[in-house]
Each structure stands twice: as structure tokens, then as C-alpha cells.
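I have a structure here, written as C-alpha cells, and I will follow up with some questions on it.
The values are calculated or read from the model by the stated rules, or taken from the named source; none is laboratory data. Not measured: the values here are computed from a predicted model. We place every Cβ from the backbone using ideal geometry, glycine too, and count neighbours over all the protein chains shown. Remember, those area values only see protein heavy atoms, side chains included, never the ligands or the DNA or RNA. Shrake-Rupley method; radii C 1.70, N 1.55, O 1.52, S 1.80 Å.
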Amino acid sequence: MKLLVTGGAGYIGSVVAAQLVEAGHEVVVLDDLSTGHEDAVPAGATFVRAPVTDAAGVLGGGGFDGVLHFAAKSLVGESMARPGLYWDANLGGTLALLEAMRVAGVRRIVFSSTAAVYGEPERTPILETDPTLPTNPYGASKLAVDTTLTAFARMHGLGATSLRYFNVAGAYAAADGRVYRERHTVETHLIPNVLAVARGGGKPVSVFGTDYPTSDGTCVRDYVHVADLARAHQLALAGCAEGTHRIYNLGSGTGFTVQEVISVCREVTGHDIPVVTDARRPGDPAVLVASSELIQKELAWKPDRASLREMVADAWAALG
Ligand code: UFG
């Protein structure tokens, strides 16, 4: 298949692009490098440096069978400070892409959605049918895209799948010998922050909140390996049915507290990682754990690398 990967120079998009190239697809990566890295684009893919709002120029070339859409703004804190930026980039960018797809006759899309659409869940594990009450503009803008995809499936016959990621971790060693890893310029995620301290980052790890109603007072999250997550995109693409929008959670179904994650990082790295207790981070739900039963049942997806230790070990090894 000929596929467009928007945001394919970012962490998750680059792993998906690498797997698609390995699977023999013709891949075009569209990325403006606002947060991505050109050297994360797999060697076998064609790279177009442009914003997603320019998708018409690429898709207009013809022959595309589908789109995997990752290009987005994804920092919760930034979204609180600059909501307009998030609505514009995430919803506006996707609307431009969907219009370009409609004009070019491209009828399949896999969208990178998020657990942030659920906000503070009433119960866990979270089902796809649970209430969606996002607590920040990032989650709200991603939810708006999910809603838009449902409308485009109904009205324009699009085949769409939204994958709602929980906490993505690990790195991917591709067949081309390259290792694809998380390397955000502004890093907010727990595991890379902890590993940076293990490497000798100077400052201790800040643990945001120790008074949550959890076993040790720190937040619980559900970690999924980036290689497993990327594989789900291939299944989702193959399963896209015209006129239908499917939504699936993607997690491992097991929760770990922040302290437990830090303990695993200490074991894997052999470093005594210093921590300091900090205030709660605004907007952090206490517990986010996915039910991924639906995607397991409908697309036969199953995490192969569900152990947190393996995710941390892969992320650590990728740092070299
Ligand atoms: N944390 C720390 N110290 C850090 C970084 C994070 O204690 O230096 C804590 C956070 O407070 C949170 C947990 O570690 O309790 C996980 O934080 P991450 O930033 O790694 O991940 P989030 O759960 O905040 O974010 C994930 C996705 C987002 C999504 C969000 C939904 O990465 O895209 O879930 O809440 F929006």
C-alpha cells in the first residue's frame, strides 16, 4: 500500500513509519519538524517537510491508500496555557487533512487519539464507552477529532480508526539497524525524565504528588510498549471499513505507580536515582488504566512486550 504518515518524524510516528517500511509499504512522511527530528524518518520512506495543513499537496499526487495521522501538539501543560494553539493544530490540522483526503479520494485513516479524552475517570479499567470529559484543551481537541471522524465516516464514507493511547514507553530497534526512541526537546514524560537522571542529569527526579488515593500516594499509569502500539496501527489500518469509525483503547491493562516505575528504573539501570517530592501537577488524574479488551477481541491485538521492565530496558539501551 502507499501510505501517508503525518508526524512521522516524532516518537510514535517514526516507529510506525519504520514498521510500515519493514512490512513492504510505500511510505511518505509529512512532518514540519516543529517537534520531530529528520533523522527519525526511516531511510526507506520519502520525507516531505511541511505542515499537515499542506497535506493536499502530497495527497494530490495520487495513489494513496491510507493515512496514519500523528501530527499534533501533545503537551498537556502547554495546552492549558495556549488552548488556541491546540485547537488550531489538532482540530484545524486534522480538518485540513480530512478535506485533502476527501478531494484525493483517500478513504482510510488511523488517528492517534489519547487517554486524555476521558479526563478523571469514574472507574478503571476504562472502557471506550465510558464518559469522555477531558480536563485540558489537549484532550478536548483530540476528542473533537474523534467526533469529527465519526461524522466523516457517516457522511463521506471514510473508514476511520482512533487509537486511544495510554502511556507509551520503550524504544524500537528496527530491522534497518536503527533505534527509534523518545527524544522530545521539552520532555515531560516520567520514564525519559527518570532515565535522564540515571544517566547523570544533575537534578533529582521530581515526583509530582504523593497524596493521591493510591497504594503509595503517587499516580498510577498503564504503560504500553511503543513497538506493540505501533503494531496496532497496522492492524487498525487493515481493519478500517468504509463508512465506519472504530475507537480502541491501547494499554497493557496493568497500572504502576510513579514510585514503582522509578524502582524498575533503578533495577534496570543499576543507578541510585535520587528523587524529590513535588506538588501535584495540575490536571493529572490519580489512576489511568485501560481496558484493551475491545481491540484484543476485534483486531486480535495483544501486547507482546507488556512488562514494564522490558519497556524501561529498551528505553535505557536506546540511550546508548
Ligand atoms: N511524573 C512525575 N515526574 C516527572 C514526570 C511525570 O512524577 O518528571 C508523573 C506524572 O505526574 C504522572 C506520571 O508521572 O503522574 C506519568 O506522567 P507522564 O507525563 O509520563 O504521562 P501522563 O500520564 O501525564 O501523560 C499521558 C500521555 C499524554 C496524555 C495523558 C493523559 O503521555 O499524552 O497521559 O492524562 F495526555
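Out of the residues in the range 195-209 that are touching a strand residue (DSSP E or B) at 6+ places or on another chain (Cβ under 7 Å) and more than 7 Å from the ligand (Cβ to nearest atom), which is most open to solvent (accessible area, probe 1.4 Å)?
Among them, the one singled out is Pro204.
Another question about this same structure. Of these, Arg231, Arg246, Arg164, Arg183, which one is open to solvent by 30 Å² or more (accessible area, probe 1.4 Å) and within 16 Å of the ligand (Cβ to nearest atom)?
One residue alone meets the criteria, Arg183.
Next question. Just to be sure before I move on: is Ser112 among the polar types (S, T, N, Q), under 29 Å from Cys240 (Cβ atoms) and either in contact with a helix residue (DSSP H, G or I) (Cβ under 9 Å, 6 or more places away or on another chain) or near the ligand (Cβ under 8 Å from one of its atoms) (or both) in the structure I sent?
Yes: the conditions hold for Ser112.
Residues are listed down the side, and each one gets a yes or a no for (1) in contact with a Ser or Thr (Cβ under 7 Å, 6 or more places away or on another chain); (2) on the phi < 0 side of the Ramachandran plot; (3) not in a loop (DSSP other than H, G, I, E, B):
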| position | (1), (2), (3) |
| --- | --- |
| Pro131 | no, yes, no |
| Lys142 | yes, yes, yes |
| Leu149 | yes, yes, yes |
| Arg183 | no, yes, no |
| Val194 | no, yes, yes |
| Gly200 | no, no, no |
| Ser206 | no, yes, yes |
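Of the residues Thr135, Thr94, which is under 19 Å from the mean Cα position of the chain (by Cα), open to solvent by 10 Å² or more (accessible area, probe 1.4 Å) and hydroxyl-bearing (Ser, Thr, Tyr)?
Sole residue among the options that is under 19 Å from the mean Cα position of the chain (by Cα), open to solvent by 10 Å² or more (accessible area, probe 1.4 Å) and hydroxyl-bearing (Ser, Thr, Tyr): Thr135.
Can you find a residue in the range 138-152 that is within 16 Å of the ligand (Cβ to nearest atom), open to solvent by less than 30 Å² (accessible area, probe 1.4 Å) and in contact with a Gly (Cβ under 8 Å, 6 or more places away or on another chain)?
So far as the range 138-152 goes, yes, one or more of its residues are within 16 Å of the ligand (Cβ to nearest atom), open to solvent by less than 30 Å² (accessible area, probe 1.4 Å) and in contact with a Gly (Cβ under 8 Å, 6 or more places away or on another chain).
Kindly check whether there is at least one residue in the range 229-249 that is more than 27 Å from Ala300 (Cβ to Cβ) and aromatic (Phe, Trp, Tyr).
no
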